[in-house]
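The values are calculated or read from the model by the stated rules, or taken from the named source; none is laboratory data. Computed from a predicted model, the values in this text were never measured in an experiment. Reconstructed Cβ throughout: ideal geometry from the backbone, glycine too, with neighbour counts over all protein chains shown. Side chains included, ligands, DNA and RNA excluded: accessible areas come from the protein's heavy atoms. Shrake-Rupley method; radii C 1.70, N 1.55, O 1.52, S 1.80 Å.
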Amino acid sequence: GAVVSQHPSWVICKSGTSVKIECRSLDFQATTMFWYRQFPKQSLMLMATSNEGSKATYEQGVEKDKFLINHASLTLSTLTVTSAHPEDSSFYICSARLAGGYSYEQYFGPGTRLTVT
Amino acid sequence: AQRVTQPEKLLSVFKGAPVELKCNYSYSGSPELFWYVQYSRQRLQLLLRHISRESIKGFTADLNKGETSFHLKKPFAQEEDSAMYYCALTGSGGYQKVTFGTGTKLQVIP
């Protein structure tokens, strides 16, 4: 149980276009989902916390207008990278927390590799 | 600000040798510490947490508040232990965001 999927697993897009990444909890309800960004050989950096039915909470330094997060249901959160640029190329990972669960009880998705050309 | 430091990017040990993955943290209150593991081609998953004081797959970690450390140890490394290990921290109560270290790649040599 407690499986989180991400789609797509990898995507290549041209500079200036937008890309949407989906994060789904397959067999549980997740009131909270987290979006992370990971650069090569670096740690996971929390970008935002997404709560179902409300606006996402962004970490300092993350542009909310560039990284649009929508958490419309208890099983789906989306991250849209708008007007992507090469510097947005990275590995994006989502995780989901069981309703009522502790923050460390996150179930991670497999990640999405974004390459902006 | 909360910070987690893992000084080693890569740790290579021979099978059967002891393993110690270092983790130091900075946090103004009472933190909760964890170790996550990511095996090759698999997703990140929770390995253990200091509160439970459990041993998972032979790994243990003791929180040393004086030295602000939470090193991960195993007396005898196995090949299947080869993976990326991330130390992580959250505030007390367990509902605050999790901060991850940069990770250490453990390579167990047969």
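Top to bottom by accessible area (1.4 Å), largest first, where do B:LYS105, B:LYS97, B:LYS65 land? Mind dumping the intermediate values first?
Values: B:LYS105 105, B:LYS97 80, B:LYS65 130 Å².
Heavy-atom accessible area, descending, gives B:LYS65, B:LYS105, B:LYS97.
Go ahead and run the numbers for FRET between A:LEU76 and B:ALA17, Cβ-Cβ distance against an R0 of 35 Å, rounding to 0.05.
The pair A:LEU76/B:ALA17 has a calculated efficiency of 0.20.
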Cα gyration tensor, chain B - rounded (a/c under 1.5), prolate or oblate | prolate
Give the accessible area for A:THR57 in Å² (nearest 10); use a 1.4 Å probe, count only protein heavy atoms, and leave out ligands, DNA and RNA.
-> 80
GNM result for chain A, Cα springs below 10 Å: residue of A:SER90, A:SER50, A:SER25 fluctuating most strongly = A:SER90
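Please compute the per residue accessible area over chain B with all protein chains in place, 1.4 Å probe, rounded to a whole number of Å². All intermediate terms of the calculation are to be shown ahead of the outcome.
Values: 5660 Å² over 110 residues.
With the other protein chains kept in place, chain B gives 51 Å² per residue.
Got a sec? What order do A:MET33, A:MET45 fall in by accessible area at 1.4 Å, biggest, i.e. largest, first?
On the way: A:MET33 0, A:MET45 110 Å².
Putting A:MET33, A:MET45 in descending order of accessible area: A:MET45, A:MET33.
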Percent relative contact order for chain B, counting Cα pairs under 8 Å at least six residues apart, stands at 39
When only the heavy atoms of the protein chains count and the probe is 1.4 Å, how do A:ASP65, B:ASP62, B:ASP81 rank by accessible area, highest first?
-> A:ASP65, B:ASP62, B:ASP81
How far is it, in nm, from the label point at A:PHE91 to the one at B:MET84 when both lie 7 Å from their Cα along the line to the Cβ?
-> 0.3
Cross-link pairs beyond the 30 Å C-alpha cut-off, checked among A:LYS66/B:LYS65; A:LYS41/B:LYS15; A:LYS66/B:LYS22; B:LYS73/B:LYS97; B:LYS9/B:LYS57; B:LYS74/B:LYS97 | A:LYS66/B:LYS65; A:LYS66/B:LYS22
In sequence order, calculated HN-Hα J values of the range B:58-75 (Karplus, 6.51, -1.76, 1.60; Hz; x Gly/Pro) | x, 8, 9, 8, 10, 7, 10, 5, x, 9, 6, 10, 8, 6, 9, 10, 8, x
Under the Karplus relation 6.51 cos²θ - 1.76 cosθ + 1.60, θ = phi - 60°, what is the ordered set of whole-Hz ³J(HN,Hα) values for the range B:98-109, x standing for Gly and Pro?
-> 9, 10, 9, x, 7, x, 10, 8, 9, 10, 9, 8
Cysteines of chain A lacking any other cysteine beta carbon under 4.7 Å?
-> A:CYS13
If amide H atoms are built 1.01 Å from N in the plane of the peptide, which residues on other chains or at least 5 residues away come under 5 Å of the amide H of A:MET47?
-> A:TRP35, A:TYR36, A:ARG37
